[in-house]
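Some notes on the structure that comes next.
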């Protein structure tokens, strides 16, 4: 049996690393996000076109409503390559129509009002200019369409403690630090205020995952 080429090994490792988020104890954080996302998407009509901004590995695609058309974008070419490879090898794992594009969210390669809805889970906190990022996401959603965002809740004392201790230990064991990876530490009121400031309508902010996660959904 021939060995895998280095590129294939790198993609497999990258995919496995992201998959850890779906296992205990990381699932305590991520599973409620998936639950909220399924409820958000389940309300959309059949064949609606949905944008996943910063799709990463798109690991939850098989669990999402299958009556929709999904487009995933990510600025990391490894994520796009890994997604394409995974779903090409396991087409039954994601039955919904799927298109994957390498793109940063401050310049999305879509016309205005191209989507019925959009979402971004655990992305906006990484943006140095979140207002620019969010305006661009809203630009490609049709008027009256819906957007859902999630982000760590930095009003949570326990989340701050966990991030600065246990998660920092894990990060350093993997060769990096978590310090500075979230330029904007959002809270529920702060994210709702940002949505209103860029023209989002009627934002609904709530927390989940033991208060560690902020969820805001709103109308464009």
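Some values worked out for this structure:
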| item | result |
| --- | --- |
| Only listed residue being at pLDDT 95 or above and in a strand (DSSP E or B), chosen from 113, 118, 36 | 118 |
| Within segment 207-220, considering residues that are part of a strand (DSSP E or B) and under 17 Å from the mean Cα position of the chain (by Cα), the one surrounded by the most Cβ atoms within 10 Å (Cβ to Cβ) | 214 |
| Selected residue (only one of 172, 142 is over 23 Å from residue 60 (Cα atoms), modelled with pLDDT of 95 or more and either surrounded by fewer than 18 Cβ atoms within 10 Å (Cβ to Cβ) or in contact with a helix residue (DSSP H, G or I) (Cβ under 8 Å, 6 or more places away or on another chain) (or both)) | 142 |
| Residue 97 vs. criteria surrounded by fewer than 18 Cβ atoms within 10 Å (Cβ to Cβ), out of contact with any helix residue (DSSP H, G or I) (no Cβ under 9 Å at 6 or more places or on another chain) and touching a residue at least 60 places away in the same chain (Cβ under 8 Å) | no |
| Filter result (outside any strand (DSSP E or B) and modelled with pLDDT of 90 or more) within segment 85-104 | 103 |
| Residue within segment 72-83 that is closer than 23 Å to residue 188 by Cα and either within 12 Å of the chain's Cα centre (by Cα) or surrounded by fewer than 20 Cβ atoms within 10 Å (Cβ to Cβ) (or both) present | no |
| Given (1) in contact with a strand residue (DSSP E or B) (Cβ under 7 Å, 6 or more places away or on another chain); (2) touching a residue at least 24 places away in the same chain (Cβ under 8 Å), index of the condition residue 112 fails | (1) |
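Residue-by-condition table, conditions (1) over 25 Å from residue 42 (Cα atoms); (2) in contact with a helix residue (DSSP H, G or I) (Cβ under 8 Å, 6 or more places away or on another chain):
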position	(1), (2)
60	no, yes
65	no, yes
70	no, yes
91	no, no
109	yes, no
119	no, yes
124	no, yes
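The values are calculated or read from the model by the stated rules, or taken from the named source; none is laboratory data. Just so it is clear, the model here is predicted, and its values are computed rather than measured. Reconstructed Cβ throughout: ideal geometry from the backbone, glycine too, with neighbour counts over all protein chains shown.
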